1. Hey, what angle do you get for helix C:358-389 against the long axis of chain C, alpha-carbon based, 0 to 90 degrees rounded to 10?
2. Could you tell me how many degrees, from 0 to 90 and to the nearest 10, lie between the Cα long axis of helix C:498-540 and the main elongation axis, the longest principal axis, of the Cα atoms of chain C?
3. Which order results if C:CYS352, C:CYS482, C:CYS51 are arranged by neighbouring Cβ count within 10 Å, fewest first?
4. When the distances between all Cα atoms of the protein assembly as shown are binned every 20 Å from zero, what whole-number percent does each bin get?
5. Along Cα→Cβ, 7 Å out, is where each label goes; now give me the distance between the ones at C:SER571 and C:ASP55 in nm to one decimal.
6. Out of the DSSP beta bridges found with both residues in the protein assembly as shown, what percent are antiparallel (nearest 5)?
7. Can you give the FRET efficiency for C:LYS223 and C:LYS512, using 1/(1 + (r/R0)^6), R0 = 22 Å, r = Cβ-Cβ distance, to the nearest 0.05?
8. How would you rank C:ASP426, B:ASP37, B:ASP85, going from fewest to most other Cβ atoms within 10 Å of each one's own Cβ?
Amino acid sequence: MNDNHSKLVNSNIQEKLNDFTANNKNMRDFILEIFDQEIKGSARYKNTYKSLIEKYSEQEGVK
Amino acid sequence: MSNNSDIRLYIEKKCREAIDTIFNEKKLGLNHLENIDRFMWALALGIMKEEKKPLTGAKDSFIRRESISTRNESQIIAHYISTIDENVIIDQGIDIEEAFKQAGEYANAGFDSLESLINNFSLEDVLLKKLQEITEYYENIDS
Amino acid sequence: MRIDSVKIENYRSYKDIEFNFLKKESSHDLHVIVAQNGVGKTNLLNAIEWCLYGDEPHLGNEKESLPLANIYVFDELKNCGKESLNVKVEVIISAKGESHKIRRTRKFNIDYDLEKPELVQLEENLLVWKNIDLPNPELLKDTFADDLINVFFRKDIRRYFFFDGEQLTSYFEKARDSKNDNKIKKSIMSLSQVEILENIQKRLKSTLTDYKKEAGDQVPCIKKINTNILEREKKVERLENDINEIEISNEKADKEIEKKNVFLNDQKGVSAKIDKLNELDSKLNLEQTQRDEILKELHRFIYDSTLKIAFYKASRKSLKFIDKQDAAGKLPPAIDKGILIESLNSKNCLVCGNSLTSESKLNIEKLIETYNISSAASNMLSKLKGSLEDTINLQNFRSDKGKILDKLKQNEDKIKKYEDELNTIDATLNDYPTEESKNDIEIKLRDARNYIKAQEGLIKQNLLKLGEYNSNKVNLTKEIDCLKLELKDVMEKQNILNAVYRNIKFVEKSLKIISKIINEIMTESRNKMEKSTLDYFLKLIWKEHSYESLKLDDSYSMELFHNKGYTCLGSCSAAEKALLALSYTLSLHDLTGQNSLLFIDTPLSRVSDENRNFFASVIADISKTRQIILAFTPSEYSNEVKMKFNNIPFNKIELATNNEKETIKKEVKYV
């Protein structure tokens, strides 16, 4: 995962997210990426969300 | 006879709610009683009224036979035996499934008698009324 | 951030004026405007807010009917036959070394066709020049202009930058009534990015519903289960809200009771009557607890007896039947099946020791088969016999019932006795007149007792509700769990749905994490805000204080606690309240990172004379860290205040009217 997210998400949220997803990097990346999308503001969010969910949940399944 | 695990006690959904009103109330001190105990009480009330009511509404909650204690099952069966011809038992044995079905119907009638009481009196008063009823029933038990 | 200057043209009482709020290399950033009422203090505040946000929140009723444009200018233009009039307010703000110019204009046409010429409002325009110190400042319009203003002076918390004095002292009453419309919470959520998380939450939930629907469309029963789950989850959510409210209310009541109890305890021995009351109270409490126990015992007795009595006839009849069958030898003998099988296996009869002939083998095999059929009935009947025998013992019913009812009666008698005694003493206390003898300690004690009783009543009612809600919640949660299991079952059976199912699980998991983060951040910010408000307040307050803690509720409304434990916001003086409002504002600025100016119109109007100089020094102190603009009436700007301010550098602008037509600067003193 690239580090772009840390610029968008504030440190407080980042810290808590790290805590709550300590054993699940996949989930952490998912939330960060969706956060990223949210800040960029996508009009058709459903498609974006669904493709992210499918991508990450599949990875989670593989793990 | 069917497999034991398929034999269950059924209750009508509506009735279940009525009796839970009493048994969920912590203040009354009966809240630790299990589903089967709740069922047994309703059954007892139905037996005292000598009424049964077929389960027509949605069958909701059920209790599997394996989670019923010997004592409770004995009471259910004893009541069943007392309502049918002795010769039938001698000839055909005891039909547990039928005994459970009948218990459900008596309990259903028992729940029914509670419902209107609960709507009109405080829960404490409902219980006191029941005390009065069982006392009367007790006085006439040998007649 | 600060306001460097304000330029106003044709706005209300102003025709053409410029205010410079310059800050030289001075330690303080304090600006004082002095003007009689009606000269234009509030108009200045309104002009700034109109420029920034396009409305005028501090307008009195009488001015609402007047046009935004200066009516004298309108007259002049009318007389010269001019066709239009422009209202313009220009504010230059600066933050972090960059300055921005904000200009709002509204154009009016003068319509001469009417009987009396009138102003007709035309378009309004907002322009922002970003970074005016650069050679080519960027020009922003429309929402981009609004956005820039919002970065520096967030519109939703503007009432924490621009005040009037009335507002300062009635701050918390208002805040409590309207619950701030949750604006503070909202802006904290926005600034801490929680808003984004909430949006994600909302969208994930909606996507989740889609997936569930997708699963449901493929298998109709899944749809039904999902609807059931959703319904119950909504109910649980509502219950949780209700439970939360009740708990808060009880917490409050508990605190109230505690502090009154502290008070009552302090008064021990002061009054024999009250001591007696307290003694009776504790006796009564004990009996009431006992009563609850006895009632529980009685209920259990009723339950047990109902079962015994109801089944008595049936049990007895069945036992008789079993005994009859037994006596008649109709019950098959209880044979140990194990011995039969073992005999068969070892080919030796384990009972007589002889080896088995093929004939006896056949017999044993038949016996085992019979055993399988008839022993079920045999076993059942003998099992019945054992467990029924002890259910037909009803001998003690009458005496047991009598015992419990006696116990209950004795307990009730005692309760009645104590209550009577209590009422008698209470009645004598209640006979005291309330108003005249306020100092009478017994009256105070009585009132405290009555108050406690009322709070206890409230708690009791709340607990009843809480019990109901909690048990509903437990039931619903159980149902949800069952439904989820059922759903899992169904879904697993439907292999085709694996992908959808996996997505659903994944989204549910992520939602849990997000809501945990939101909760933590919101709790932390509230705690931070509580602490920092109290810190500011204790630092700013001049007199010896007895405040101990400060609490914000979920919507950031405040409670202040005296060190005796009771809430005391209501009994604070106007000056203390104003100070508290300032503390709250300052910590809100800190928390939201909006280190903004404070513009306060008539800051001392409600503050009594003796507190004014203290207040002035507090303000002077705050002006070390941020820009403060104060608009005083001459009487507010009293000698005490002047003396305080004279020790520090500050700008002063005195306003007057020019023939009551136009507000002008009468005297300007810059540092």
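None of the figures in this text is laboratory data; all of them are computed from the coordinates on show. In this text, all values refer to a predicted model and were calculated from it rather than measured experimentally. Glycine gets a Cβ as well: all are built from the backbone with ideal geometry, and neighbour counts include every protein chain shown.
1. 60
2. 50
3. C:CYS352, C:CYS482, C:CYS51
4. 10, 26, 28, 21, 10, 4, 1, 0
5. So the two model labels end up 3.8 nm from each other.
6. The antiparallel fraction comes to roughly 80 percent.
7. 0.40
8. Values: C:ASP426 18, B:ASP37 15, B:ASP85 8.
Fewest-to-most ranking of C:ASP426, B:ASP37, B:ASP85: B:ASP85, B:ASP37, C:ASP426.
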